[in-house]
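Notes to accompany the following structure.
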Amino acid sequence: MSTDTAPEVARPSEAPRQPDGSSRVRRELVRFMPLIILAVLLVLLSLRNPDLLTQRSLTTMADSAAPLMVLAVGITVVILCGGIDLSIGALASFASVLTALWVPSMSGAVVVPVVLVCALAGVVQGWIHIAARVPSFIVTLGGMSLWTGLALAFSGASTVAVTDIAALRWAFTRIGGTVPSALVIALGVVVVLGAVMRFTPFGRWVASVGHAEPAARLAGLPVSMVKIAAFGVSGACAGLAGVLLVARTFSGAPTLGESLLLPAVAAVIVGGTAITGGHGGLFRTVVGALIVVLLRTGLSLIGVDAGFEPIFYGVLIIIAVSVTIDRSKVAVLK
Amino acid sequence: MRKPTRQRLAVLTGVLAGGLLLTACADDSGTSSASGDGGSCSPEDITLIGQVRNQTNPYEAAWLAGGDEFAESVGLEQQHLTYDGDSQRQQEQIRQALAGSGMECAVLNVLPNGDSDTAPIVAAADEAGAFLVTQWNKPADLNPWDGYDRWVSHITYDGEESGYLIAKALIEQMGGSGGIIALQGILDTSAAQDRFAGLQRALSEHPEVELLDEQTAGFDRAEALNVTRTLLTAHGEHVGGVWAANDDMALGAVQALEAAGITGVGVVGIDAVPEAIAAIEAGTMTATVSSDGPWQGAIGLAMGYCAATGELDVADVANDDRAFFAEQFLIDQTNAAEFAEPELNMDDFECGSLFDRATGPIG
Amino acid sequence: MSDPVLSVEGLTKRYPGVTALDGMSFEVRPHEVVGLIGENGAGKSTLLKSLVGLVTPDAGTIRVRGEAVRLRGVAHAGSVGIGMVFQEQSLVPNLTVAENILLGAERSAVRGGIYRWRAMKTLAQEQLDKIGSRIDPGARTDTLTFAQRQMVEVAKVLTIEERITGEPVVLLDEPTSVLERDEIATLFAQIERLRRRASVVFVSHRLDEVLEVSDRVYVLRNGQVVAEVDPSAVDATDLHHLLIGRESGGSHYHDEAQRECDGAPVRLRVENLSTAGCTKVSFEVRAGEVVGVAGVQGSGREDVCRALFGAIRSSGGRVTLDDQPFRLGSPRSAVRSGVGYVPSERRTDGIIPPMSVAENLSMAHVGEVCSGPVLQVKRERGLVDHWVRRLGIKTPSPDTAIGTLSGGNQQKVVLARWMIDDDLRLLILDHPTRGLDVGAKSDVYALIRDLAAAGCAVLLLSDTLEEMIALSHRVVVMKDGEVVTTVETPKGAKPDPVVILEEMV
Amino acid sequence: MSSPDTAQPRAADAAGPAPPLGPGPAASGGRLVWRPRGTDAVQTTASLAALVLMILVFSVLDAQFRSWDNVVAVVDAAAVLAVVTVGLTFVLLLGAIDLSVEGVIGACALTVALLVANSRTGLDLGVLGVAATVALGAAFGLLSGVLSTRLRIPSFLTTLGVYAIGLGVATILFSGERPIVEDPWLGDWASSRFLGFTIVSWVAAGAILVGWLIQRYTRVGRYAYAIGGAEDIARLSGVPVARYKTAAFAVAGAFYGLGAVMATSQLGSGVVQAGSGLNFSAIAAAVIGGTLLVGGRGGVLQSMIGVLVLTVLQNGLILAGVSPYAQQAVQGVIVVVAVAAATWPVRHRLGVVK
């Protein structure tokens, strides 16, 4: 029923004006579903291995999740715009190589140029996407190869060890002996980015572009700039993730972050952000990243056989998404 | 639509939860936190962990099987960790495993995904106080004797030597002259680089043998098949031999030769996977080098076990034994049958004979 | 008189806050062309959707050949003999004509899941032959003109003939709205053919057409049938009165609010503007002036407006805004220069349905509610409350998703989006009252008057000439991409629409 | 999923009595959302031109490239990718995506190796084994499709899950020992030649033909176009959309299964990683050829152009002696350039590109 043809008529399929109690509960439930799933999984897994619920184990998990979280938060912005960025893994690897190469001359300040370079790389991809009107899937698929190629060239196709690892100590330590600094950094990124999205028009612009690009364009929103900026943010986050990876592996390598691409996308979707754009949020992605890391590490720790592990991972991811996804907010399912 | 979906989900989740509990193998290690000064763990408190890339290739599967056999011999079970060639996941797993309780008595036998992954693994184990043996990959400037009292040893093989051995075997089979194409591994691994250096040493000794082309096939069989096919068209009948940096690529090359209908070209690889040994017996491959996967899977656990129980004092182990090249065996048609059914000799894993296969320090 | 093929009794459909169908009853007899006319909001669309199973009525019965049916969807409606030619075309663009005609009901053209293309083309050709169309059944649908596609739609609907015993009822929803004159003539000829094998329900807002083609006409108002008339006995004026239900007249358009603006400075000057659809268009709009742009399909008037807003590319011409050169770049730059645009496709181009009223309202001039880069939520709330009150926007709260509001309220938000800018210099209205009911229309007219009175220049494209003439100071008439004349339409001396119509065609 | 109610959201009644006037929304250039017309042809021509250009350049650079042997090598090398891409094309036509390729191929590769005469199981099912493997592939596709349509989850994620499941199944089947194919018939696929080309290449040719026939002559194929072109209209016309979406995924899975059989015959044993790298290559190939991600565009034959572009590129770069890592970078750039070039002439029209 389109309202055009029935004036003064609310779309029955959409949220009613005065939500009755049960539907409000259901909506709130959908909102917090990712957290609930995380808790349920944690409890389930800890039934097998009680060690998982210890403070040490939990902080370790959060620590492991930090680089993935940073990556996933970055790509969330692109996905909210309705695009996709397949280059983040390769870009994080590229960043790790740059970091390792530049630490000797720049020490801990290396994070600044690396993040800037990666942001620029993201901007370039965004610009090509806009200017040449090539789907972001393709641009970043190409980018994935390109950044890997560059990382290989810069590193001489080998691992670049960081001798002065103290310079990056800040990115991989425990504050007060317990709180992982990487987690603090990741949450810092989320808070800063979240604040920008919440307290400046940027967040609305991103959502507008993701929901209805033609309408956003015709309202005079800087659609192209928003999209390019989103790719820039994604690139910057990939850069920071690269630095975090170097801090924990003590070296940079041209394939270091490649394997984090699909988990990052999974984290975004599991968090409940619509892959079609518009609906979602950064905090959801944080929870999604924790779920994904829990599945990545937890399954083998409770002794699931190597063959069954990916099967459980696949099934659990699908179940998690089928519960967290807010179907009322997704128009077309592709 | 919504309701049935939800119900179905609930059922699915339930079934899955049950499944998780069932398939998880039944080791409820009542982990009493052991007072863990170096080497005072009682045997039943020890947790044995073996970690390899995946169980989808015969070499690493054999490695884990060897570990299982050793664990059984001391009345324990080995926990299997596989990380699917994903460095991040390997580190996440190690850290998460070490975040459990009683890790002062844990023994890890680890195959790091690449050189760069060794340092963080060592750091994590050191922090948790777990006994660690690493194999294959390690950056040159990181050594167990640099203040790590629980990183028992690093075992690897002289890749340069392996590359050299198979190159010699290949050249011999070619009659000392002709053209060779080389299939390299993943270029940013020291294994690939060292092995290729061995090939170059052999070539320098035989100037009449020409290296026609070298390409990477990423240690991957399918890729090796394609690359070999292309190189065969490029170099045609000049190709007298194929040198591959591992058996998987060698077997891919064998398939490519077969598909091209070319016979009489020698193919060599490294790793001694069962299929390669079968191929050598059948004459389609010339030679391979064995590192003895089952032994690797067991020896790492054995070293850690001995150290944990105190039978081996890590401080007493000579530096030459804390990072060493292990013995490797060239397999060709003459001895292939012996290696077809590798068997562990449990005597190798007595605490006194742990370093018997050391052929010398790394370097 | 034979028994009715289709009869509707007491059909009722209520939505929260409005009754779309209020006990509607009518019937269609065999081989009859029945006209349905009604204002927007009279219930035409809801009725049609009920008849093809897209809307489930709350009460009442639909009988097909005397048998009560509960329709579950378009396919089901087709199986009992009711087919509809949608106003918004329902053809898949990347399939062939033949496939589209037979989509979902391929019958012998598909055996065991296998397509038999020859049979398919033959079958499709049979359908096309029924309406005497010479469209190639093998052509890809997106290569056809709009009118051709409409013919394909008709042919597609006729396939239900083969699926039922007896004759089908074909619903034509505003079939002429986008057709050229000669195309309309063809369509009417085809309706004549059609009636030999089917009954036809013809829905249109063009009274003269309805009178021309129908055997009987039902007039709908407020969800009810208010009159059943014999076309030969009435003229368009009579119908008009029945339709509106009250004297139509100046008050509807707030004529009294039209201000003179002869002395005002020229706000917008367009010289030799060219785009893909128009060439060398020149005209001016003064501050406070409402200028309508009239023209038929293909006249290029849409192109002019969209090019001025930067929504499509222009290939040449000079435009000044308050005597400053105005670069036609992007909507963004246009907005920054004080130009606003209300698109015709509100749901896709105008609003962002899942986002809140407040966000939709402030989106174009978000700077108004920001300090530096920071959003001031309180200030935004105040501004939105002000405009919600001022325009009488009915919304539970500013945080309500705009998609849940009615069309009229959505459109008010879109207008408010531009009105919050004190420096708004030019507002381009692309069919601003499309899909609105009478009351909402009147409100929109009042807003347009207010805007003009405040000195804003307004460029207006309208669905009806009457509306355009009533609102405008001047009407620029376009034909074949060029301006043919300008007609003054001052207050108190509004010309007859026919004057402009003659220039348009 | 849009309900039938929203199937025609742009209905825009124009009300009130009036003389004929007013262009409708879908009039020429009227709609702001641009629907490309005839760009299929542009894209196909562009990718064909890219292929020809590439062949010319490599022919000039390298005499080896021009040899008949190399033509054979290129065709043989393209075979598996071609079959996989045929399958993937059906999913892309829907406007969906499939990331399960590598997992499904892994599972199927192990399955076929264990079903035909092999070193591990006593089975010797021959053709039956191959058929069973293709059926298993179809079952995986069915799983992806059912999960996507019934649970209403984007295919991006369901297929990611199915990828993991496939990998798990492969690992379990592998169980530590690689099954060596000892079936001479299957082995011959990779080694015997007919008219110069290996049997695998002929199988691929047959698969392409079958794929084309499915696309052109079956409901699954034609409805995939309809669903990809305008899903809501298809539903409105009574097309059981969910069923045919699922079917298209199943067809795709069957082709992955066949691809796994071919790869296994080439590799000589059941390899879990038999499909590694194929997923993104297949997507890239399809897109280069003109089977765009938006759905309803392109087709099997167009995708094959993309397959040839990628294979020729890889072959040519090796022959030209370009470093393997530069090859990777070059491939990425080519993909972007090929797609950009094809849409360049129409890029100024307003439209949404995601």
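Relative contact order, whole percent, for chain B stands at 19, derived from Cα pairs under 8 Å and 6 or more residues apart.
Using a/c under 1.5 as the rounded threshold, could you call segment D:38-346 rounded, prolate or oblate? The axes a ≥ b ≥ c are square roots of the C-alpha gyration tensor eigenvalues, and prolate needs a/b larger than b/c, oblate otherwise. Taking the square roots of the gyration eigenvalues as a ≥ b ≥ c, segment D:38-346 is oblate. Axis angle, to the nearest 10 degrees, between helix B:293-309 and the longest C-alpha principal axis of chain B: 30 degrees.
Of the residues B:Gln88, B:Ala272, B:Val133, the one whose Cα sits farthest toward the positive end of the charge dipole of chain B, with +1 on the Cβ of Lys and Arg and -1 on the Cβ of Asp and Glu, is B:Gln88.
Here's how it looks for B:Val267: its modeled amide H is under 5 Å from those of B:Val242, B:Thr286, B:Ala287, which are all 5 or more places away or on a different chain. Cross-link reach is defined here as a Cα-Cα straight distance under 26 Å, omitting same-chain residues fewer than 8 places apart; for C:Lys130 the lysines meeting it are C:Lys49, C:Lys121, C:Lys156. With loop defined by DSSP as not H, G, I, E or B, and exposure as at most 11 other Cβ atoms within 10 Å, which is the longest segment of chain C clear of exposed GluC sites (Glu not before Pro)? Longest stretch, sites excluded: C:1-246.
Looking at segment B:138-234, the GluC sites (Glu not before Pro) that sit in a DSSP loop and have at most 12 other Cβ atoms within 10 Å of their own Cβ are B:Glu208. For the modelled label position 7 Å from the Cα of C:Ala189 along Cα-to-Cβ, which residues of segment C:74-100 have backbone nitrogen atoms closer than 16 Å? Under 16 Å, as judged by backbone N against the label point of C:Ala189, lies no residue of segment C:74-100. Annotation for C:Asp323 and C:Ala227: the two label points, set 7 Å from Cα along the Cα-Cβ direction, are 5.5 nm apart.
By the combined test of axial Cα extent (at least 15 Å) and Kyte-Doolittle hydropathy (mean at least 1.0), the qualifying DSSP H helices of chain A come to A:21-48, A:55-80, A:88-106, A:111-131, A:136-155, A:181-199, A:223-249, A:282-301, A:308-324. A simple charge model with +1 on the Cβ of Lys and Arg, -1 on the Cβ of Asp and Glu and nothing else charged puts the dipole of segment A:54-320 at about 500 debye relative to its Cα centre. Taking the longest Cα principal axis of chain C as reference, the axis of helix C:181-194 is set at about 20 degrees. Working from label points 7 Å from Cα in the Cα-to-Cβ sense, the B:Leu211 to C:Thr61 distance is 9.2 nm.
Each Lys and Arg contributes +1 and each Asp and Glu -1, all at the Cβ; summed about the Cα centre of segment D:38-346, the dipole is approximately 800 debye. If R0 is taken as 60 Å, the Cβ-Cβ distance between B:Asn319 and D:Ala135 corresponds to a FRET efficiency of 0.50. Computed from Cα positions, the angle between helix C:117-130 and the longest principal axis of chain C comes to roughly 80 degrees. Classification of segment B:159-290 by its C-alpha gyration tensor yields a rounded form. The axis ratio a/c (a ≥ b ≥ c) stays under 1.5. 3J(HN,Hα) along segment C:483-488, derived from phi through the Karplus expression 6.51 cos²θ - 1.76 cosθ + 1.60 where θ = phi - 60°, amounts to 7, 9, 6, 10, 10, 6 Hz, with x in place of Gly and Pro. Mean sequence separation of contacting Cα pairs (under 8 Å, at least six apart), scaled by the length of segment C:6-244, corresponds to a relative contact order of 29 percent.
Under 5 Å from the amide H of C:Val281 lie the amide H atoms of C:Asn272, C:Leu273, C:Ser274, each residue being 5 or more positions distant or on a separate chain, with H modelled from the backbone and absent for Pro and chain starts. In sequence order, segment B:96-102 has phi-based couplings of 5, 4, 7, 7, x, 8, x Hz under the Karplus curve 6.51 cos²θ - 1.76 cosθ + 1.60, θ = phi - 60°, and Gly or Pro positions carry x.
Going by a ≥ b ≥ c, the root eigenvalues of the Cα gyration tensor, does chain A fall in the rounded group (a/c under 1.5), the prolate group (a/b larger than b/c) or the oblate group? Verdict is oblate for chain A. Qualifying trypsin sites (Lys or Arg not before Pro) in segment C:1-87, where qualification requires a DSSP coil assignment and no more than 13 other C-beta atoms within 10 Å, comprise C:Arg70, C:Arg72. Between A:Leu53 and C:Thr237, the FRET efficiency from the beta-carbon distance, with R0 = 60 Å, is close to 0.15.
Counting neighbouring Cβ atoms within 10 Å and putting the fewest first, the residues A:Val243, D:Val322, D:Val101 line up as D:Val322, A:Val243, D:Val101.
Computed from the Cβ-Cβ distance with R0 of 41 Å, the FRET efficiency linking D:Ser192 to B:Thr334 stands at 0.80. The label point for A:Thr173 and the one for B:Asp141, both projected 7 Å from the Cα toward the Cβ, are 2.1 nm apart. In this structure the amide hydrogen of B:Thr47, modeled in the peptide plane, comes within under 5 Å of the amide hydrogens of B:Ala106, B:Val107, none closer than 5 places in sequence on its chain.
Readers should treat all values here as calculations from the given coordinates under stated rules, not as data from a laboratory. Predicted model only: the values in this text are computed from it and were never measured. Virtual Cβ from ideal backbone geometry, glycine too; neighbours counted across all protein chains shown.
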